[in-house]
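To start, the structure under review is shown below, and the notes come after it.
Read-outs throughout are calculated quantities, based only on the coordinates presented, and are distinct from any laboratory measurement. Computed from a predicted model, the values in this text were never measured in an experiment. Virtual Cβ from ideal backbone geometry, glycine too; neighbours counted across all protein chains shown.
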Amino acid sequence: MVEVTEHTRNVLLEVAKKRKIYVEGSFLKILKAPKGDKEFEDYLALCKEKDIAVRKKRLEVTKQVQSQNKDLVAKQEENDSLMKDLQIALEEAKLSEQEADKARAEAEKLRDDAVEDLELMQKKTQFELISTIVKVALYVIIGVGILTTVMYGLALFSGTDTQIIGSTWSNMFGILLTNAFSIVGTIMGVKYATEKD
């Protein structure tokens, strides 16, 4: 214990009265009032009360700060967790978007392939139809030509007048050839008119 001198005692009491500043902390524990000095003993008791009150306030503030720190740490952990979840969600959204783009591209490719196959089938069908029409037209033309030639030949061998049949036979062949070319031309015109550029 440190016994306070008269001068130190007076300075401490004056500072307490004028400025409301008191001794506190560990230093207060080693101060000892001179014997029989009631005023300084009251001063030291007041200093101890104020020190206890200040320590309680500091302890409350420390506890409050620690509590707030715990809350802040918990909030930070929650924010970190939310940020991780958000990052995962963003990556999943990117993957979903990439998968959607991939599926869209694949669907467009399948559609293009289907359109191409359909056009190919239409062209094949048209070609087969045109071939059939041309064959039938040629069979008809050849059949009429053969029939007319047989009739003209019979007329020649039978000795009948062939002047009318000869001109008819000649006209018939001209008409058949004209019709044959007309049919082929029409078919080719339809074929090229229906093709895309």
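Worth pointing out:
- Evaluated over the Cα positions of the range 2-68, the convex hull gives a direction-averaged projected area, one quarter of its surface, of 4.9 nm².
- Cut-off under 5 Å, modelled amide H: who pairs with L31 long-range: V2
- Selection from T160, N79, Y139, by position along the positive dipole direction of the range 56-165 (Cβ): N79
- Charge dipole magnitude, Cβ of K and R +1, D and E -1 - the range 2-68, Cα centre, debye nearest 20: 340
- When only alpha carbons are used to place a centre, the range 72-120 and the range 161-190 end up 69 Å from one another.
- Hydrodynamic radius of the chain by the Kirkwood approach over all distinct alpha-carbon pairs: 29.7 Å.
- Under the criterion of Cα pairs below 8 Å and six or more residues apart, the relative contact order for the range 2-68 equals 33 percent.
- GNM result for the chain, Cα springs below 10 Å: residue of S182, S158, S81 fluctuating most strongly: S158
- Pairs beyond 30 Å (Cα-Cα), from K50/K75; K29/K57; K17/K56; K38/K63; K17/K70: K50/K75; K38/K63; K17/K70
- HN-Hα J in Hz across the range 104-119 - Karplus 6.51, -1.76, 1.60, θ = phi - 60°, x for Gly and Pro: 4, 5, 5, 5, 5, 5, 4, 4, 4, 4, 5, 5, 5, 4, 5, 4
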